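Heads up, the thing below is written out as structure tokens.
Bear in mind these aren't lab numbers, they're just calculated from the coordinates by the rules spelled out. Bear in mind that the values here come from a model prediction, so they are computed numbers and not experimental data. FYI the Cβ positions are ideal-geometry reconstructions off the backbone, even for glycines, and counts take in every protein chain you see.
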Amino acid sequence: MEIDEAPQKVDIAARIVTPGTAITNDPAFMRGHGTFSEHDTIYSSVAGVVERINKLVSVRPLKQRYSGEIGDIIVGRITEVASKRWRVDVNSRQDGVLLLSSINLPGGIQRRKSESDELQMRTFFAEGDLVFAEVQSYFADGALSLHTRSIQYGKLRNGTLVTAFPQLVPRSRSHFHTLPCGVDVVLGVNGYIWVSKHVPASKVEANAELIYSDKNEPISDDEREVIARVANCIQLLNRMYVKITDTSIIFAYDASVAHPVKDLLKHDVAVELAHNVMAYLEQQG
């Protein structure tokens, strides 16, 4: 890796840097993640954005694996059914863990999980199932402990999965959105985004068995087209490195109506729509 000649004075304002770029030679600053020090100068060790917190200088990588925090809302895929637990792919360095004791039983029954529940684990979640969950804690080895102890969490159906860069999905108060076009979107902060047909919460509450059902609701051709359009809008926002929020998705969807669904991922159309979305977001402040 080539190292830049250290200039006499370097601006520490937020900017994109490449590996080996000199950030500062001021001895008052400390080096943080994504940097290294040589000859009293701090250099970037990754391609990313320079960040400064007081006297600590770090570089946030443009692309990185999801690093979980307690309270994060995530979408994951079951990879293994083990003893009293499920292994879940959460787009992180290692799989998350969903304990049998951390799920709701059908009907919302509150009781200790028994051996019969352990024998029926695949009726709740099987390999390949997608799950909407919350990060509850960490295990000693750093693996995330998940839970689905809420009516809004559980198995995902009636839709499609879109993968995005985790850093493009900001943490917010709500990660479950019903869009004006009649589609439900779950924005997992781990970069897994679920786009599905809207199913009223009252219907799920009235029929507790739907929480762990493997059967999709009937989905019409028009609903499939809307789901595909929303999914393609999310993919183009990700490709153009635009923040993915309910606001940006709604605006991208409205701007995309003039184009066929299959054309949304063509480079010229994606660039046009992404620029429109960024201009709109700047106006909104």
- prompt: Once Lys and Arg get +1 and Asp and Glu get -1 on their Cβ, which of LEU236, ILE23, TRP86 lies farthest toward the positive end of the dipole of the chain?
  reply: TRP86
- prompt: How much length is gained on full extension from PHE36 to THR160, taking 0.36 nm per residue of separation minus their Cα-Cα distance?
  reply: 40.5 nm
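By how many nm would the segment from HIS259 to ALA126 grow when fully extended, if each residue of separation counts as 0.36 nm and the alpha-carbon distance is taken off? Don't jump to the answer; show the numbers that get you there.
On the way: separation 133, 0.36 × 133 = 47.88 nm, distance 3.83 nm.
Separation in residues times 0.36 nm, less the Cα-Cα distance, equals 44.1 nm.
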statement: Under the Karplus relation with 6.51, -1.76 and 1.60 and θ = phi - 60°, whole-Hz ³J(HN,Hα) for region 220-229, x at Gly and Pro, equal 6, 4, 5, 5, 4, 5, 5, 4, 5, 5
query: Which FRET efficiency value, to the nearest 0.05, is calculated for VAL199 and VAL271 with the Förster distance at 41 angstrom and r the Cβ-Cβ distance?
result: 0.75
Most mobile of ASP221, ASP246, ASP254 in a GNM of the chain (Cα contacts under 10 Å): ASP221
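What's the ranking of 141-150, 88-97 by average number of surrounding C-beta atoms within 10 Å, highest first?
88-97, 141-150
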